[in-house]
2 protein chains.
Amino acid sequence: MAYTIGIDYGTESGRALLVDVKDGSEIATAVHPYSDGVIDRALPDGTPLPNDWALQNPDDYIDVLKHAVPAVLKESGVSADEIVGVGIDFTACTMLPTLADGTPLCRLPELRNEPHAWIKLWKHHAAQPQADRINEIARQLGESWLPRYGGKISSEWFFSKALQILEEAPEVYARADRLIEAADWLVWQLTGVETRNACTAGYKAIYQDGTFPSREYFSALHPDFADVVDTKMSRHLLPLGSSAGGLSDEAARWTGLNPGTPVAVANVDAHVTLPATGTVAPGTLVMIMGTSTCDVLVADTVHDVEGMCGVVDGGIVPGSYGYEAGQSAVGDIFAWFVKHNVPAEYAERAAEAGTDLHSFLADEAAAQKPGEHGLLALDWMNGNRSVLVDADLSGLIVGVTLSTRAPDIYRALLEATAYSKRLIVETFERSGVPVERIIAAGGLPAKNPLMMQIYADVLEREIAVIRSDQGPALGSAMHAAVAAGVYSDIGEAAAAMGGLSDVVYQPLPENSELYTQLYADYLYLHDLFGRSTADEPGGVMKRLRKLRLAAAAKTEPKTSDETEVGVTG
Amino acid sequence: MAYTIGIDYGTESGRALLVDVKDGSEIATAVHPYSDGVIDRALPDGTPLPNDWALQNPDDYIDVLKHAVPAVLKESGVSADEIVGVGIDFTACTMLPTLADGTPLCRLPELRNEPHAWIKLWKHHAAQPQADRINEIARQLGESWLPRYGGKISSEWFFSKALQILEEAPEVYARADRLIEAADWLVWQLTGVETRNACTAGYKAIYQDGTFPSREYFSALHPDFADVVDTKMSRHLLPLGSSAGGLSDEAARWTGLNPGTPVAVANVDAHVTLPATGTVAPGTLVMIMGTSTCDVLVADTVHDVEGMCGVVDGGIVPGSYGYEAGQSAVGDIFAWFVKHNVPAEYAERAAEAGTDLHSFLADEAAAQKPGEHGLLALDWMNGNRSVLVDADLSGLIVGVTLSTRAPDIYRALLEATAYSKRLIVETFERSGVPVERIIAAGGLPAKNPLMMQIYADVLEREIAVIRSDQGPALGSAMHAAVAAGVYSDIGEAAAAMGGLSDVVYQPLPENSELYTQLYADYLYLHDLFGRSTADEPGGVMKRLRKLRLAAAAKTEPKTSDETEVGVTG
């Protein structure tokens, strides 16, 4: 008997999953929440944080190793001798500065109260000025890598955050021997060996065609940034599924596993999910649907695709080009709607019906035909990631009447995210990247069958659903099996350990026909509001945002922690 | 001592107001609800009604005379000898078929179960096919009166309803000796004498330049409709403020007033409110703000104004042109929003604060600067009356984010109705009809000071507020005083009996500046979505409506009684 453990590091907690390498059977799982969670108001010592900051504590990640891994061993009754490998996946870009030995700078007493010494979580959004400059200078210098990222580098990504450290806390930057993804840092803690994985390097740190951006480019951003790669990073990247080393003695003590147990190089939560569907063949788009949605897809050739998050050689599967696109908010939109826009009446009726409010609204909405509510929405309540890559956009709803009720709007919002998905799929195909089938993964599909049917109808395609509820952890366990040599590559592991559920959503032709009519109007509104500059008539959203920011600058900041939302991937 | 009584007939009830003719002091008031209210599901005997129907029972109007008038006499202690006149105002077009002696056809036992024999209330919307033909044929024949109604006759108006009777119940049409506004019918019941007032004839029955539409025009609508005016109406119209006759013995018994007490000719609720503000001078726009809003204004000259409801010689004040414009939903939008779109949290916080939900949302919204919520809305949740005259339009909101909360949307909706008003005012002025000052009346101004301040800011104008809470009933009492000869004309009565409150809303320049920026975007969205045909890209609302109606045609009708909304005026 042989097992691997996949560990999925999320935004609020980490999950360990113990898996049978033979067939991917999930034997035991355990979740451990981070004590400090998302640090966005103040450091643990009380040092206040500015708006848009989001940090984490490295000790919380280690605690997951200490609690969740022993828990799955105990629950399963599997012995450490039977664990042949460990793999992890992480939110990204989540990064930190460390000493040469891997010690996080925030553990140094003299830097404990310095926010820039801590881990910047993926949804740390305070590096927008740096991202703006990164993009502006890349355009000016005609950097060849920019189209690989849909034409825009995000404030969430590696060099935006690194440059923010340099500019706002040069002493922290100087002190940092390494700037590193938390994913790679954790593998370092597991093995005692520093490695860098091809996935985060490609998607988050602009590693393209065998190299990072040039010294000249970095120097144009800031003279002291010229050597960032050579002095604080590594050009030695390992392919996904390779072994980073064996478990160190210390990590063995934390986890209860044997020293020397192979550890796979790190991976990213969305991307690692793809093989968990059972295939790594080109042409399969996997939608990881949660608060936001990441779409991942592999192909044999490289193409520029408008508004994608990135295309990376070996970024998902070694030897193929991995494409990523995404929607900035999906589940977040439905959660926002249900929490902030639905009158008490529906909560009462849901309680009477013995169901939750989401399901109740979905049931009411499911009784409708396409078009019956008379509404059409743009799903940009958290900006648009693909294909417009524009955080300045906002949501829209049209067709509202005095007869409009909560289930109508709820359905219109589901549909809006489906139209958005159709455009992503069409954009891939138009750009030469075939999408032959679509598989849904993540937390939403099981929760919202109406949404899945709407996606099938809007996309006019069959939609399959991943078998595992824990796609990322399973994908990590599969990479562990490859790193351990159980399988020769991730494709073989996928075939053996991954798979689909029995649920398949088929498009209903009469619905698809109506949705095709509505989609034409979605596209009209999409292009009108989404592609206009602030100076053009259709740039209404951008002008509204400017006025909003100008007004907010004169007023108290909002205190709701829901004003910060985003996506990992 | 001399007093008059004004009786305001609304949609659900009638109100009597006893007024001192010297200065307009309101001595006593009483409301009597209609037993049958709005008859929109089934006749009292159970005969079911189709969708979009709205009827009333004439006995309910008589009951108001029998209860509310004696009540104000009793409450005030004023004797019948001191009552020098009675005036009424009514919703319009609210019309019915009668025998030659004024007996409503619905009182005839053999027609009791015939819906077309009953009173069609203003918001009876089932005559849209007739209205469509009325407009189409008017355009084909180049009828000169069409521009006087903003280019479109409403399904709510007199000939739409009359033609529906002819086409759907020719035996009822044949049996009707008279087709008459309920306003005029009630004066007939009070005096025993049939009269027709210039206001409803002009605004609702296309009386222009001294004549109704031609026999040829009516005959083009339907051969049997050719003689509708000559056989069932009257070309003898009385100016507003004239006496229709003295109170009949029977009506004296109903009311407790003296036989022979002068009764003014009937009037319409919105229009009669204008003199209650204290002036009938040209250039004063009076906004009667309630569930919907009517704007009335007098001028010395006649102009075509885009999208106005009508311009009528003597329609508001004898000797002047009366202009009417309006917004299909104002208070209705806020009520819809508060009832159907606000989570329980706000009701709880309102209760804690000891206030109602509207006020609580308004207080929260009042703390914001213009533009701070980042939203912009089109207030067409019940279509657009002025200036687009298009019931197929619908509401829109743009700028929504995951941080958007109920007070944000509430404020955006208030603002949307203000932008709409600004466009109405600008359209009047551009068309040569000066708007020198603005007075607010109706139920909303006292309830919603934030809304009033927003109107002042958006319009960049001072907004005064009528003194009386019962503008229509006071206006009717003033017309009664003119009919009684206490004053020589309504201008004199207005100066003596009408007036303004002490409250004046002044525009705040910094707000007006921001609103002018936002108004430019309102106009852009207004023209794009409002002026595009269904075949043009911007005709999204019209296409959505078509799909909605097509889907609804295949489904059960909605059962909410809120699906029918509209406005009187």
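The values are calculated or read from the model by the stated rules, or taken from the named source; none is laboratory data. It should be emphasised that the depicted structure is a prediction, and the values quoted were computed from it without experimental measurement. Here Cβ is always computed from backbone atoms with ideal geometry, including for glycine, and neighbour counts include all displayed protein chains. The accessibility values were calculated without ligands, DNA or RNA, using every heavy atom of the protein model including side chains. Shrake-Rupley method; radii C 1.70, N 1.55, O 1.52, S 1.80 Å.
Here region B:394-445 and region B:227-268 have alpha carbon centers that stand 39 Å from each other. Close amide H partners of B:Phe90, meaning residues 5 or more places away or on another chain with modelled amide H under 5 Å apart, are B:Tyr9, B:Asn267, B:Val268, B:Asp269. Based on C-alpha pairs under 8 angstrom that are at least 6 apart in sequence, region A:146-265 has a relative contact order of 25 percent.
Would you mind telling me the antiparallel percentage of the DSSP bridges in chain B, rounded to 5? Can you show the working numbers first?
Details: 50 of 70 bridges.
Beta bridges within chain B, antiparallel portion: roughly 70 percent.
Measuring r between the beta carbons of B:Asn51 and B:Met1 and using R0 = 51 Å, the FRET efficiency lands at 0.50. For region A:305-314, 3J(HN,Hα) computed residue by residue from phi via the Karplus equation (6.51, -1.76, 1.60; θ = phi - 60°) reads 10, 4, x, 6, 6, x, 10, 9, 5, x Hz, glycine and proline entered as x.
In order along region B:396-412, phi translates into HN-Hα couplings of 9, 9, 10, x, 5, 10, 5, 8, 5, 10, 3, x, 4, 5, 4, 5, 4 Hz, rounded to whole numbers, per the Karplus curve 6.51 cos²θ - 1.76 cosθ + 1.60 with θ = phi - 60° and x for Gly and Pro. Here the Karplus relation 6.51 cos²θ - 1.76 cosθ + 1.60, evaluated at θ = phi - 60°, turns the backbone of region A:209-219 into coupling constants of 6, x, 7, 7, x, 6, 3, 5, 4, 4, 5 Hz, with x for every Gly and Pro.
Bridging of A:Lys204 to lysines at a Cα separation below 16 Å is possible for A:Lys120, A:Lys123, A:Lys152, A:Lys161, A:Lys232, once same-chain residues fewer than 8 apart are set aside. Compared with the direct C-alpha span, the chain from B:Ser431 to B:Leu108 gains 111.4 nm at full extension, assuming 0.36 nm per residue.
If each Cα of the protein assembly as shown is one equal point scatterer, what is log10 of I(q)/I(0) from the Debye formula at q = 0.05, 0.08, 0.09 Å⁻¹? The Cα Debye sum returns log10 ratios of -0.43, -0.87, -1.00. For region B:278-364, a/c is not less than 1.5, where a ≥ b ≥ c are the root eigenvalues of the C-alpha gyration tensor, and a/b tops b/c. That puts it in the prolate class. Need one number: % antiparallel among DSSP beta bridges in the protein assembly as shown, to the nearest 5. The antiparallel fraction comes to roughly 70 percent.
Cα centroid separation, region B:314-381 to region B:62-120: 33 Å. For A:Asp489, no residue has an amide H sitting under 5 Å from its own, ignoring neighbours fewer than 5 places away on the same chain, with H placed 1.01 Å from N.
Taking every DSSP beta bridge that has both ends in region B:1-147, the antiparallel portion is near 75%. B:Ser468 contributes an accessible area of around 10 Å² to the protein surface, as traced by a 1.4 Å probe with all chains present. Of all lysines in the structure, the ones whose alpha carbon falls short of 23 Å from that of A:Lys74, not counting any fewer than 8 places away in one chain, are A:Lys22, A:Lys66. Spatial offset of region B:147-209 relative to region B:464-500 amounts to 26 Å, using the alpha carbon center of each. Dipole of region A:196-335 computed with +1 at Lys/Arg Cβ and -1 at Asp/Glu Cβ about the Cα centre; of A:Pro239, A:Thr293, A:Thr211, farthest Cα towards the positive end is A:Pro239. Proximity of backbone amide H atoms, modeled 1.01 Å from N, is registered between A:Tyr207 and A:Gly202 at under 5 Å, excluding neighbours fewer than 5 places apart on the same chain. Inverting the pair-averaged 1/r between distinct Cα atoms of region B:174-243 gives 12.9 Å as its Kirkwood hydrodynamic radius. Computed with a 1.4 Å probe on the full set of protein chains, the accessible area for B:Met233 sits at about 10 Å².
Using Cα pairs closer than 8 Å and at least 6 residues apart in sequence, work out the relative contact order for chain B, in percent.
Numbers: 1268 pairs, mean separation 93.9, N = 569.
In percent, rounded to a whole number, it is 16.
Rounded to the nearest whole Å³, what is the per residue volume of the convex hull around the Cα atoms of chain B? Please list the in-between numbers first.
Values: hull volume 87.2 nm³, N = 569.
Convex hull of Cα atoms, per residue: 153 Å³.
Straight Cα distances below 22 angstrom link B:Lys554 to the lysines A:Lys369, B:Lys542, B:Lys546, with same-chain residues fewer than 8 positions distant left out. How big is the accessible area of B:Asp36 in square angstrom, nearest 10, if you roll a 1.4 angstrom probe over the protein chains? Probe radius 1.4 Å; accessible area of B:Asp36 about 60 Å².
Over region B:79-173, what relative contact order in percent results from Cα pairs under 8 Å that are six or more residues apart?
Once divided by the residue count of region B:79-173, the mean separation gives 27 percent.
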